[in-house]
Amino acid sequence: MQPGDGVLVISDTEIVEAPPLHVARPEPGFALVTLASPATRNSLSRRMIAALDRSIAELSQDPSVSAIVIAAEGRAFSAGHDLKELTRHRADADGGRAFYTETMQACARLMQAIVRCPKPVIAAVEGVATAAGCQLVATCDLAVAATTATFATPGVNIGLFCSTPMVALSRNVSRKRAMEMLLLGELLSAEDAERYGLVNRVVPLERVRDEAFAMARTIASKSPVTVAIGKEAFYRQVEQPLGEAYAYAASVMVENMMAQDAAEGIGAFLEKRPPAWKGS
């Protein structure tokens, strides 16, 4: 085994797999999830998907966490699915069909878990994000990219159209831009990714995490119940026809007005004082 192969050698007879990611608390209010498999370019292997899914689920329930930042070690944010892992399963009795089905379903569940997470999720992209890695960026609520970061959905180049990344991509950029990325499979610069609407901000490499942390810090200063209400409402209404979206949003506003934090926030504004959020 070589360093970075995802294993930790404890002794000549004991080998323990190193975790594919780790979770830290840079400061109170938000969490940092770092993909930690640079040797695989932080590919979304089954193990990585499971670890990320588990981390999102745990942080979703943590009242001390108001936002989640996802970053990565090494030169790649994520290169997408682990093609070596997928290829190995061609030797399965069914040619890999069951494994491929389970992998795509697991990845889809992860992406939906991020959308449903009541805490905003911010991608801090310091390297290349391709295929399902680009899908992960598109799925996050916010994204900050380094000037040197690049993005692509290059599956078409290897005979495997990026159909699942297409779902998140087409919900973030215009149809023409999405089809350009999907059909040409070319690398997109960070500046173009910002122009397309795939990322929010582009900053120098050394400032990516600081910028993402600043976003998380700002979110953490808001009412957590209000942020959770707003995030859920955003993703629900965006898929609805106009009339239904307004009817739904109006009902959400009424329920939000009944919350203690709304009364506190409005009162604080009128009294010209900082709000003291109650989280309810």
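See the values below:
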| quantity | calculated |
| --- | --- |
| Long-range HN-HN contacts of S45 with modeled amide H, under 5 Å | D82 |
| CD proxy at 222 nm, helix term only [per DSSP H run n ≥ 4: -39500 (n - 2.57); per residue of the chain; nearest 500] | -14000 deg cm²/dmol |
| Three semi-axes of the equivalent ellipsoid, segment 60-168, Cα gyration tensor, whole Å, largest first | 26, 18, 11 |
| In order through segment 266-271: 3J(HN,Hα) via Karplus (6.51 cos²θ - 1.76 cosθ + 1.60), integer Hz, x for Gly, Pro | 5, x, 5, 4, 5, 8 |
| Chain lengthening between T34 and L160 when straightened (0.36 nm per residue, less Cα-Cα) | 42.6 nm |
| Considering only segment 7-220, percent of DSSP beta bridges that pair antiparallel, nearest 5 | 30 percent |
| Size of electric dipole in the chain: Cβ of Lys, Arg +1 and of Asp, Glu -1, about Cα centre, debye, nearest 20 | 480 debye |
| Extension gain (nm, one decimal) between H22 and F234, 0.36 nm per residue minus Cα-Cα | 73.4 nm |
| Distance violations [Cα-Cα > 28 Å] among K176/K231; K84/K119; K231/K278 | K84/K119 |
| Contour minus Cα-Cα distance for L270 and E206 (0.36 nm per residue) | 19.0 nm |
| Sequence ranges 20-26, 150-156, ranked by mean other-Cβ count within 10 angstrom, highest first | 150-156, 20-26 |
| Likely footprinting exposure, L142, L160, L32, fewest C-beta neighbours within 10 Å first | L160, L142, L32 |
| Label zone at A98, where the point sits 7 Å out along the Cα-to-Cβ direction: segment 75-89 residues whose backbone N lies under 19 Å | 85-89 |
| Per-residue ³J(HN,Hα) for segment 47-61, Karplus 6.51 cos²θ - 1.76 cosθ + 1.60, θ = phi - 60°, Hz, x for Gly and Pro | 5, 5, 4, 5, 5, 5, 4, 5, 5, 4, 4, 5, 5, 4, 8 |
| Within the chain, longest stretch free of exposed GluC sites (Glu not before Pro) [DSSP loop, at most 16 other beta carbons within 10 Å] | 15-185 |
| Cα pair distances of the chain binned at 5 Å [whole percent] | 1, 5, 11, 15, 17, 16, 13, 9, 6, 3, 2, 1, 0, 0, 0 |
| Selected from T130, T34, T148 as most flexible by GNM, with the chain as the system and alpha-carbon contacts under 10 Å | T148 |
| A149 long-range amide H proximity, modeled H, under 5 Å | A190 |
| Inter-probe distance in nm under a simple model that places probes 7 Å from Cα toward Cβ, at S221 and V115 | 3.1 nm |
| Calculated from backbone phi, Karplus (6.51, -1.76, 1.60) coupling profile of segment 111-126 in Hz, x at Gly/Pro | 4, 5, 5, 5, 5, 7, 4, x, 9, x, 10, 10, 8, 10, 9, 9 |
| Calculated FRET efficiency for the pair R171/M258, C-beta based, R₀ 30 Å, to 0.05 | 0.50 |
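Rule-based calculations on the coordinates, nothing more; no lab input. Here the structure is a predicted model, which means the values were calculated and not measured. No Cβ is skipped: glycine too gets one built from the backbone with ideal geometry, and neighbour counts run over all protein chains shown.
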